[in-house]
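The values are calculated or read from the model by the stated rules, or taken from the named source; none is laboratory data. Bear in mind that the values here come from a model prediction, so they are computed numbers and not experimental data. Neighbour counts run over all protein chains shown; Cβ positions are idealised from the backbone, glycine included. The area values use the complete protein model at the heavy-atom level, side chains included, leaving out ligands, DNA and RNA. Shrake-Rupley method; radii C 1.70, N 1.55, O 1.52, S 1.80 Å.
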Amino acid sequence: MATVIAIKPGFKPMNQKFEATCASCNLRELCLPGAVCIDDLQRVENIVYARRRVKRGEALFNAGDEFRTVYAIRSGFFKTSVVDGEGREQVTGFFMGGELMGLDGLGTDRYNGAAIALEDSEVCVMPFALIEEMSREVPALQRHLHIVLAREIVRDHGVMMLLGSMRAEERLATFLLNLSKRFLRRGYSSSDFHLRMTREEIGSYLGLKLETVSRLFSQFQADGLIDVQQKHVRILDTAGLEQVLAAKN
């Protein structure tokens, strides 16, 4: 029998419920359902309430929106950002397939920033009320949720270190190496990929001016570390990029 789960009063789905197919999703191991055994998977699929398509430039959610839902990216690419008191955007992260967004709203019941699609994308809609309910029934899901939350804390600390103590060259090298590892984990090439974000957005995330980001890309190319054709990047010397991080001031 299918598990029946109560949804918190006031929850209004943006899409109609569909027959979830987590078992056949090639990103399942990277997502919340991937934490459970095959016997529990059919029950856990109930947390995926719907799928939603998001066009390039469209907001999945905005800063201040009420937190009700966690989103798993099924395909596409997103940026998250906040706007300061003077109207300037600060990019806080980039997210790709298999990753979760919206967890920043857990503490205040409001999303802290906006999530904008950088290309046409599709997400799985997971009401947090369903995640909480199912976590109590499936301990493996609860443990994985804790791991995801801890990973977010570690990521935030990493960004703080990136912006606080690294030289400009180290920041861009770290950014490229991180993207490389994330693409590899999803079964894509770790050395040949397309950047969905602009140079300006990269600079905002890394705390660098646009001119500095452009200069560093040119410098890395001249040094034989990468080959860049507009947004297409090929990493030619991974060890060389890692050496940038090991270089002394």
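Only one of Val83, Val125, Val91 is of a type in the set (Val, Ile, Thr), modelled with pLDDT of 85 or more and in contact with a Pro (Cβ under 8 Å, 6 or more places away or on another chain). Can you tell me which?
Details: Val83 fails: in contact with a Pro (Cβ under 8 Å, 6 or more places away or on another chain); Val91 fails: in contact with a Pro (Cβ under 8 Å, 6 or more places away or on another chain).
None of the other options fit; the residue is Val125.
May I ask you to verify whether Ala140 is open to solvent by less than 70 Å² (accessible area, probe 1.4 Å) and at pLDDT below 85? Judged against the criteria, Ala140 is a match.
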